[in-house]
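Take a look at the structure set out below.
The values are calculated or read from the model by the stated rules, or taken from the named source; none is laboratory data. On a predicted model such as this, the values are computed, not experimentally measured, just so you know. Don't worry about glycine lacking a Cβ; one is built from the backbone with ideal geometry, like all the others, and counts go over all protein chains shown. Calculation scope for accessible area: heavy atoms of the full protein, side chains included, ligands and nucleic acids excluded. Shrake-Rupley method; radii C 1.70, N 1.55, O 1.52, S 1.80 Å.
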Amino acid sequence: MTSIAISTSGLTRDFPSVRAVDDLALEVPAGIVFGFLGPNGSGKTTTVRILLGLVEPSAGSATVLGHDIVNEADAVRAASGALMEQAGLYERLTAEENLLFFGRAAGMRSADIAPRVRELLGPLDLYERRGELVGTWSRGMKQRLAVARALIHRPRMLFLDEPTAGLDPIAAAELRDDLEKLVREDGVTVFINTHHLAEAERLCDLVGVIRRGRLIAFGHPDEVRGRVGKRRLEVVGAGISNELVAEIDALSHVQSAVLDKGRLRADLTQAARIPDIVRLLVDRGVDIEEVRRGSESLEEAFLALLEGADEAGLEIAQEDPDAR
Amino acid sequence: MLGDIWLIVNKEVREVVLRAGSSRATILNLALILLVFGVVLPLQAGAAWVDSWWLLFSWTWLPLFLVSALVADSFAGERERHTLETLLTTALSDRTILFGKIAAAVSYGYGMLLSVMLMSLLTVNAVWGVREGRLLLFSTSVTVGVLVIGLLVTLLIAAIGVMISLKAKTVRQAGQALSLGILAILWIPGLIIALGARALSEAQQQALWEWASMLDGRAVAAVSALVLLVLDAVFVGIAMRRFKRSRLSLD
Ligand SMILES: Nc1ncnc2c1ncn2[C@@H]1O[C@H](COP(=O)(O)OP(=O)(O)OP(=O)(O)O)[C@@H](O)[C@H]1O
Ligand SMILES: [Mg+2]
């Protein structure tokens, strides 16, 4: 059995006007990258703050690396690194002074910090500039430094709250590369808040989707996509008629089929068999040039999930984490 | 824990005092304070600088304002510059952070008080001491009084200021509230005495004055120190109870 890094049960936080986190039950195995996905205001930041002991839960309980988040919050923080919504760097200090401060705050000896600074800043191309005041740096540089700062004491648990928010696409991609390098390093467990779906697909081994404080899906990104995501079929060829499209549209495992610029596009359920459809097309005399299949991106699946939860007014059944 | 408190003091002085503006402006500011209170005033006063009770009031209030400037920034500044939440995610305990912030303000104010005191002694001796052919020093009771009461008052302002800064949205707001508080502390007793004196008859005023001038300065200082010590303990205690990171407004 894999060991569990984060476990919450019935975790709830009420603010005067809103329930930010609602009966959250999560289990995150150690050593993986977990993506916590949700739209604005869904409770991602509040969840991380509760886990770090910065906000008290109204109900429920949680442990991080085996430490209770209320009674042993100091131990949780000692074992964790965090990059919250704000980079949280002292802009009037140099990059090196920042890392020294946070390293010492984590109980490191100055002699151990210097080599760690080189080790972290080297690959980020910031080592040569460590003597500069952080306030003069670009947003992307600050954000990379903030990741290094969160990792300075080799934490076993790393919290990242929307680390690429506010970066241009290139800086965001660079940071994602850096995260991949740094995070895979020492088998650290990563909890990353994001509403950037491509980021989650690229980085995460496991995702949870949260909406209005409630967990509405949990699993491997592919599974979450597969569960709500539809399969797509696109056929390019000569002789596809409207009648034929209507015939395909009527098939039981086809959700919808349309003719688009002479091409057939169909959304299929998981049970649909593509060879059967292709055979039907050939039988009806279609000259097939190309058959493309695809599935929705996690982004589309995510939107479908949120919509589904809206329509049904209830949560989509949560997968049993123990089943993994 | 002492090491961690020192870590915060060091960061605070660097961030909020030394690097608040350009480094030139900072050095100029500190130099100006030393120049005015450590050179110009003692030069004008001459030997009276060390003998006169009244002249003490020309420079001993200095730490009040230096401390309040730094302590107003303590939490409100971190909040304003978006570093508070990250500071709170570190392994530093609530107590360490609180004591670090208080210690930083006290070190700055008290440090400047000591510097001005030393500087002024150097100045009066270099000019007037040499001229009069004697070593000019504050009396022992004045020295002890300034050192002890200075420390206690600085600590008091720091403890009150840190609580105001905890609640304040901006440094400016904290600074204003604290300045008003200090003015109140300085003026209200004076006002009460002035009004009270007016209510008394001439003979009573005369009697009170005679009684006051017969008081032993050392005893007054000792009682003041004791009262301040109690106030310090109370306010630091309240600050310790109030400061819990899980109850702080982070944004
Ligand atoms: N200190 C607070 N006081 C009152 N309400 C709060 C507080 N913090 C958060 N909330 C509310 O709780 C809800 C969840 O907020 P939270 O910041 O956790 O969402 P989020 O998922 O991180 O959103 P975003 O993607 O915008 O960062 C929101 O409705 C927010 O307004
Ligand atoms: Mg957030």
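Once every DSSP H run of n ≥ 4 in the protein assembly as shown is given -39500 (n - 2.57) and the sum is divided by its residues, what mean residue ellipticity at 222 nm do you get, rounded to the nearest 500 deg cm²/dmol?
It comes out at -17000 deg cm²/dmol, rounded to the nearest 500.
Tell me the accessible surface of B:Thr140 in square angstrom (1.4 angstrom probe, heavy atoms of protein chains only), to the nearest ten.
Roll a 1.4 Å probe over it and B:Thr140 shows about 110 Å².
In whole Hz, what ³J(HN,Hα) sequence does the stretch A:137-150 give by Karplus (6.51, -1.76, 1.60; θ = phi - 60°), x for Gly and Pro?
8, 6, 4, x, 5, 4, 5, 5, 5, 5, 5, 4, 4, 5
How large is ³J(HN,Hα) for each residue in the stretch B:226-232, as worked out from phi by the Karplus curve 6.51 cos²θ - 1.76 cosθ + 1.60 (θ = phi - 60°), to whole Hz, x for Gly and Pro?
5, 4, 4, 4, 5, 4, 4
Can you give the angle from 0 to 90° between the axis of helix A:169-184 and the longest principal axis of chain A, with both taken from C-alpha atoms, to the nearest 10?
Taking the Cα atoms of chain A, the angle to A:169-184 is about 70 degrees.
Residues with beta-carbon under 11 Å from that of A:Ser241, excluding A:Ser241: net charge, scoring Lys, Arg +1 and Asp, Glu -1?
For residues surrounding A:Ser241, the net value is -1.
Around A:Ala5, which amide H atoms from residues at least 5 apart in sequence, or from another chain, sit under 5 Å from its own amide H, with H modelled in the peptide plane?
Under 5 Å from the amide H of A:Ala5 lie the amide H atoms of A:Val28, A:Ala30, each far enough along the sequence or on another chain.
Tell me the relative contact order for the stretch B:2-250 as a rounded percent, counting alpha carbon contacts under 8 Å between residues six or more apart.
29 percent
Just in the stretch A:53-112: which trypsin sites (Lys or Arg not before Pro) are loop by DSSP and have at most 15 other Cβ atoms within 10 Å?
In loop regions of the stretch A:53-112 (DSSP not H, G, I, E or B), the sparsely surrounded trypsin sites (Lys or Arg not before Pro) are A:Arg109.
For the stretch B:27-42, what does the Karplus curve 6.51 cos²θ - 1.76 cosθ + 1.60, with θ = phi - 60°, yield as ³J(HN,Hα) per residue in whole Hz, taken in order and with x for Gly and Pro?
4, 4, 4, 4, 5, 5, 4, 4, 5, 5, 8, x, 10, 5, 4, x
Taking chain A as a Gaussian network, Cα atoms linked when under 10 Å apart, which of A:Ala78, A:Ala111, A:Ala171 shows the biggest mean-square fluctuation?
A:Ala111
Could you tell me what % of all Cα pairs in the stretch A:14-55 have separations over 15 Å?
Above the 15 Å cut-off, the stretch A:14-55 has 50 percent of its Cα pairs.
Assuming R0 = 22 Å, what is the FRET efficiency of A:Glu180 and A:Asn71, from their Cβ-Cβ distance, to the nearest 0.05?
That gives a FRET efficiency of 0.05.
Work out the length of the dipole vector of the stretch A:107-178 about its Cα centre, built from +1 on the beta-carbon of each Lys and Arg and -1 on the beta-carbon of each Asp and Glu, and round it to the nearest 20 debye.
Computed charge dipole of the stretch A:107-178: roughly 360 debye.
Using a 1.4 Å probe on the protein heavy atoms only, what accessible surface does A:Lys181 show? Give it in Å² to the nearest 10.
That residue has around 110 Å² of solvent-accessible surface.
Counting pairs of Cα atoms in the protein assembly as shown, how many percent are more than 37 Å apart?
Of the Cα pairs, 51 percent sit more than 37 Å apart.
If you build a Gaussian network model of chain A, linking Cα atoms that sit under 10 Å apart, which residue out of A:Pro57, A:Pro221, A:Pro275 swings the most?
Result for chain A, Cα springs under 10 Å: A:Pro275 fluctuates most.
Between A:Asn242 and A:Asp276, 0.36 nm times their residue separation minus their Cα-Cα distance comes to what?
Once the chain is fully extended between A:Asn242 and A:Asp276, it gains 10.3 nm.
How large are Rg and Dmax for the stretch A:12-126 when only the alpha carbon atoms are used, in Å?
16.8, 49
Taking the Kirkwood radius as the inverse of the mean 1/r across Cα pairs, report the Rg/Rh of chain A.
For chain A, the value is 1.08.
Can you tell me the Rg and Dmax of the stretch B:2-250, counting just the alpha carbons, in angstroms?
Cα only, the stretch B:2-250: 20.5, 65 Å (Rg, Dmax).
Output the 0 to 90 degree angle, nearest 10, between the alpha-carbon long axis of helix A:274-283 and the longest principal axis computed from the alpha carbons of chain A.
30 degrees
Can you compute the modelled spin-label distance between B:Val230 and A:Arg139, with each label point 7 Å from Cα toward Cβ, in nm?
Between B:Val230 and A:Arg139, the simple spin-label model gives 5.6 nm.
Can you give the accessible area of A:His153, probe radius 1.4 Å, in Å² rounded to 10?
Per-residue accessible area (A:His153): approximately 40 Å².
Please work out the FRET efficiency for the pair B:Ala219 and B:Asp51, using the Cβ-Cβ distance as r and a Förster radius of 22 Å; give the result to the nearest 0.05.
The computed FRET efficiency comes out at 0.60.
Which angle from 0 to 90°, rounded to the nearest 10, does the C-alpha axis of helix B:62-80 make with the longest principal axis of chain B?
So the inclination is approximately 10 degrees.
Between B:Met1 and B:Leu208, what is the label-to-label distance in nm when each label sits 7 Å out along the Cα-to-Cβ direction?
Result for the modelled spin labels: 4.5 nm.
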